[in-house]
Amino acid sequence: MRLVLLFAAFALLGLAFESAVPQLISFHSVIPNLIVILAVDLGLRHHGVMPALLAFAMGYATDALSGSTPGLNAFMVTLVYLVSYEISTRLLVTNAAVGATVVFFGVLATAMGSIVITAGFPALFGAGRTMLALLLQAAISALAAPLVFALLAGTKRLTRLPAGPVRE
């Protein structure tokens, strides 16, 4: 239950940040994708049904606030969780560098997947500026990931949740 409350609070803060900051700045690509960072942390450090449901719920909450196609972000965030879960089961060590790398590719995959699902493959290849913006957002998300991982680890210690990989 503590895991659910912890990630619900962080997802709520992340969604509030991601929806409030675009009102202040016009260049949206400098805003890290905090939901993908949370999904990667879930995948690398928490295994089981509950973390998978949490990833789905975070994606669905993103759908509810973003106004996109219902279920699109839920699918993409759950996919990022599953990929990071598989990576964590294959590697002996999962640290912040591995997490940041997974976040980079996760942000790219979710953004490109959303574009392909909503507009088709031609939309992906026809927008050079969009790809640069996606690469910038992925890089900023990867740079922000170790800080978010550290905040999560510290909060997990305060709530007596295990910070390392756990099978639930």
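The values are calculated or read from the model by the stated rules, or taken from the named source; none is laboratory data. Just so we're clear, the structure is a prediction, and the values are computed from it rather than from any experiment. With ideal geometry, Cβ positions are generated from the backbone for all residues, glycine too; neighbour counts draw on all protein chains shown. Accessible surface areas use protein heavy atoms only, side chains included; no ligands, DNA or RNA. Shrake-Rupley method; radii C 1.70, N 1.55, O 1.52, S 1.80 Å.
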By accessible area with a 1.4 Å probe, ligands and nucleic acids excluded, highest first: order of Thr101, Thr110, Thr89: Thr101, Thr89, Thr110
Val93 accessible area, assembled protein chains, probe 1.4 Å, Å²: 100 Å²
Karplus 3J(HN,Hα) series, Hz, for the stretch 15-20 with 6.51 cos²θ - 1.76 cosθ + 1.60 (x for Gly, Pro): 5, 5, 5, 5, 9, 8
Thr94 long-range amide H proximity, modeled H, under 5 Å: none
Protein-only accessible surface order, largest first, of Met112, Met1, Met76 at 1.4 Å: Met1, Met112, Met76
Largest-first ordering by accessible area, 1.4 Å probe, given options Ile35, Ile115: Ile115, Ile35
Nonlocal amide H pairs with Leu161, under 5 Å, H built at 1.01 Å: none
Rounded to whole Hz, the Karplus (6.51, -1.76, 1.60) HN-Hα couplings of the stretch 40-52, x for glycine and proline: 5, 4, 4, x, 6, 10, 9, 10, x, 6, 4, x, 5
Accessible solvent surface per residue of the chain, calculated while the other protein chains remain in place, 1.4 angstrom probe, Å²: 53 Å²
GNM result for the chain, Cα springs below 10 Å: residue of Ala100, Ala119, Ala144 fluctuating most strongly: Ala119
Surface share of carbon and sulfur [accessible, 1.4 angstrom probe, percent] for the chain: 73 percent
Centre separation in Å (Cα based) which lies between the stretch 1-22 and the stretch 34-50: 13 Å
Accessible area (Å², 1.4 Å probe, nearest 10) - Phe121: 130 Å²
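Among 12-20, 41-49, how do they line up from the highest to the lowest mean number of other beta-carbon atoms within 10 Å?
41-49, 12-20
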5 angstrom amide H check on Asn33, placed H, neighbours 5+ away: Ser141
Extension gain from Leu136 to Ala119, taking 0.36 nm per residue of separation minus the Cα-Cα distance: 4.0 nm
